[in-house]
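> Structure incoming, see below.
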Amino acid sequence: MTQLTLPSRCDRAAAIALHPELRDKLKAGPVTLDGSDVSALGQAMLQLLLSARQTANRTGQSLTITPSEKMRSTLTNAGADPDMLCGNGMAS
């Protein structure tokens, strides 16, 4: 299992930097993303994480995301269920 830690500021630059590594690691096996220290979650990172979640659901791969309270509140403010990020309630 691969564990990756999300940066405190998950903006566009962070999403661009994370994308190739997350893609490759998710193809290779189970991935855990630790977002417990995230204090800012931008649209690009949110899109990347939701896309990774959908890919994991579709391929049967294990993706565990531990969101911070800020990540949960950002999803709620966007009108989304925070459990979507964690894998509950997101259709593949």
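The values are calculated or read from the model by the stated rules, or taken from the named source; none is laboratory data. From a predicted model like this one, the values you see are computed outputs, not experimental measurements. All Cβ positions, glycine included, derive from the backbone under ideal geometry; neighbour counts span all protein chains shown.
> Can you pull out the residues in the range 43-58 that are farther than 13 Å from Cys86 by Cβ, modelled with pLDDT under 95 and either of a type in the set (A, V, I, L, M, F, W, C) or in a loop (DSSP other than H, G, I, E, B) (or both)?
Across the range 43-58, the qualifying residue is only Leu46.
> Restricting to the range 38-47, what's the tally of residues that are closer than 16 Å to Thr64 by Cβ and within 8 Å of the chain's Cα centre (by Cα)?
Qualifying residue count for the region: 0.
> Considering only the range 39-78, state which residues are aliphatic (A, V, I, L, M) and either without any contact (Cβ under 8 Å) to a residue 24 or more places away in the chain or closer than 21 Å to Met1 by Cα (or both).
Leu48, Leu49, Leu50, Ala52, Ala56, Leu63, Ile65 - these are the residues of the range 39-78 that are aliphatic (A, V, I, L, M) and either without any contact (Cβ under 8 Å) to a residue 24 or more places away in the chain or closer than 21 Å to Met1 by Cα (or both).
> Can I ask one more? Please state which of the following conditions Asp81 fails to meet, knowing it meets all the rest: (1) free of Cβ contacts under 8 Å to residues at least 24 places away in the same chain; (2) outside any loop (DSSP other than H, G, I, E, B); (3) not polar (S, T, N, Q).
If we test Asp81 against (1) free of Cβ contacts under 8 Å to residues at least 24 places away in the same chain; (2) outside any loop (DSSP other than H, G, I, E, B); (3) not polar (S, T, N, Q), just (2) comes out false.
> Assuming Ala13 fulfils every condition listed in (1) outside any strand (DSSP E or B); (2) touching a residue at least 12 places away in the same chain (Cβ under 8 Å); (3) of a type in the set (A, V, I, L, M) apart from one, which condition is it?
(2)
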